[in-house]
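What follows is a set of notes on a single structure, which appears directly below.
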């Protein structure tokens, strides 16, 4: 066995071991299966919900809200971050806003957003927008502000206009940090959205989890929780692939 | 590329640059008077911190003098100057080709003309095969060649070079020096070349300006007597070259020691 396969095994042992232990304890009669379902119960329920299309429906609703909010949020965040790095007055203008609004738990805005956008998808998407904006604007600014001084010099000496500097120098220079911000933002989108879906909606994974709590269907609750993890994992893998494609100069 | 035009003429008078900060002020250069003839290859040598880079940055428009004037007669050239930096300054996110094209895009040179000129510039520095590579895939010498191509392609009245070969290994430095001199002999551009190496200055330049340590002033200007075209290797092995190098080192030595003494105070 090579060191690499050993490492891979070790990597799998902890999660599989945990699930196994959980299953065995419940089969041995330790714990109440009505409140703590066994992994096999959850797996069965998972399969049922996939077969009935219920899980796909709730996942689609959640994914739509996450990605709509994500894309609406990151575009202005990237633009603002780059402009902050390029122009001091822009930075001075935005700094106090960011410093004071970033630490507010975005879920606390949900009642306000419900008033503004109603009970439909719009209020959930708006919440994701507010949550995504801050990590991306801060990372973009830091990335752009730390671009090596020589690139500004080259741009200036070679006659680049402000718009060329923005599009061809600062944006690309900041891109690795922008992607670091996007990764955080993606995780944050799921976090706030699932919480938001606990109230004032009849669809989405968050609704599924909350509803099953009210009906005391603990296995469904677990299905919802696992689904959030799976959706988060898949979207972050996709984001990483995109990053690899658009940043070919990052030394391999 | 036949020599059709000579480079820009430069006249610098009473140039002074003072940096003011919280800790007080530092005079980087003062009383710099210098005339550069069209098509001249001028080297500037001096100890670290003598303001030679400051002078170059002012010429490049990246810094502003506190007082004094610079007159550049670059009429007839599309671009007044192009700078080659010590660490190539190639954008890591652009391929060699896109990097070389940058100064043409920013100035709105039409597509096919730009492509044609980039093609020629890449050929000139022998990088046609590497046009799609990113800078991190190239050696240090190839990166500096790309940077030189990026400067030449804009057809500048003068080339400003800030120790462009200082970071290269000895073999690559010799090769690139020879290539630069060949390019200069072919194109006849004005070159202002900053270096800390006397040898490099004497090998390549028509004249060598020796600067004093802080504040940077012109201590002496030496006419380099070797005719062009030059064979750099042969030249560097000749007795006259060795003699001149020694003479200049004597002048520079004082300055280096003075700069050191000031630092140790």
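Just so it is clear, none of the values below were taken in a lab; they were calculated from the coordinates. The model shown is predicted, which means the values in this text are computed figures rather than measured ones. Note that we place each Cβ from the backbone using ideal geometry, even for glycine, and neighbour counts take in every protein chain shown.
What FRET efficiency, computed as 1/(1 + (r/R0)^6) with R0 = 56 Å and r the Cβ-Cβ distance, is obtained for residue A:246 and residue B:33, rounded to the nearest 0.05?
According to the calculation, E is roughly 0.65.
Can you give the angle from 0 to 90° between the axis of helix B:111-124 and the longest principal axis of chain B, with both taken from C-alpha atoms, to the nearest 10?
Tilt relative to chain B: about 60 degrees.
When 1/r is averaged over all different Cα pairs and the result inverted, which Kirkwood radius in Å belongs to the stretch B:76-147?
Taking every pair of different Cα atoms in the stretch B:76-147, averaging 1/r and inverting gives 12.5 Å.
Nearest 5 is fine: what % of DSSP beta bridges in the stretch B:107-265 come out antiparallel, could you say?
Of all bridge pairs located within the stretch B:107-265, approximately 50 percent are antiparallel.
Between Rg and the Kirkwood Rh of the protein assembly as shown, both from Cα atoms, what is the Rg to Rh ratio?
Looking at the protein assembly as shown, the ratio lands at 1.15.
Grab the alpha carbons of chain A, take their convex hull, and tell me the volume per residue in Å³. List each step's numbers first, then the result.
Working: hull volume 44.0 nm³, N = 252.
Expressed per residue, the convex hull around the Cα atoms of chain A is 175 Å³.
If you fit an axis through the alpha-carbon atoms of helix B:170-187 and take the longest principal axis of the Cα set of chain B, what angle between them do you get, 0 to 90°, nearest 10?
70 degrees
Which distance in Å, rounded to a whole number, links the C-alpha centroids of the stretch A:111-127 and the stretch A:29-93?
For the stretch A:111-127 versus the stretch A:29-93, the Cα centre distance is 17 Å.
For labels at residue B:25 and residue A:100 in the simple 7 Å Cα→Cβ model, what's the distance in nm?
4.0 nm
Post the alpha-carbon centroid distance, the stretch B:204-265 to the stretch B:1-55, in whole angstrom.
When both Cα centres are located, 16 Å separates them.
Kirkwood Rh over Cα pairs of chain B into Stokes-Einstein at 10 °C, 1.306 mPa s: D in µm²/s?
After rounding, the answer is 83 µm²/s.
So what's the gap between the Cα centers of the stretch A:1-28 and the stretch A:184-252, to the nearest angstrom?
A separation of 24 Å, based on Cα centres.
In nm, give the distance between the simple-model label positions of residue A:112 and residue A:236, each being 7 Å from the Cα along the Cα-to-Cβ direction.
2.9 nm
Taking 30 Å as R0, compute the FRET efficiency from the Cβ-Cβ separation of residue B:64 and residue B:256 and round it to 0.05.
Efficiency, from the Cβ-Cβ distance: 0.55.
Computed FRET efficiency, Cβ-Cβ of residue B:113 and residue A:87, R0 30 Å: what is it to the nearest 0.05?
The calculated FRET efficiency here is 0.35.
What angle do you read, to the nearest 10 degrees and between 0 and 90, between the alpha-carbon axis of helix A:54-86 and the longest principal axis of chain A?
Taking the Cα atoms of chain A, the angle to A:54-86 is about 20 degrees.
Could you run the Debye sum over the Cα atoms of the stretch A:115-248, one equal point scatterer each and no solvent, and tell me log10 of I(q)/I(0) at q = 0.10, 0.15, 0.21 Å⁻¹, two decimals?
-0.48, -0.83, -1.18
What is the distance, in nm, between label points placed 7 Å from the Cα along the Cα-to-Cβ direction at residue A:184 and at residue B:129?
4.5 nm
Taking every DSSP beta bridge with both residues inside the protein assembly as shown, roughly what % is antiparallel (nearest 5)?
On the way: 20 of 40 bridges.
DSSP beta bridges in the protein assembly as shown are roughly 50 percent antiparallel.
What is the gain in length, in nm to one decimal, between residue B:234 and residue B:182 on full extension, counting 0.36 nm per residue of separation less the C-alpha to C-alpha distance?
This chain segment gains 17.2 nm when fully extended.
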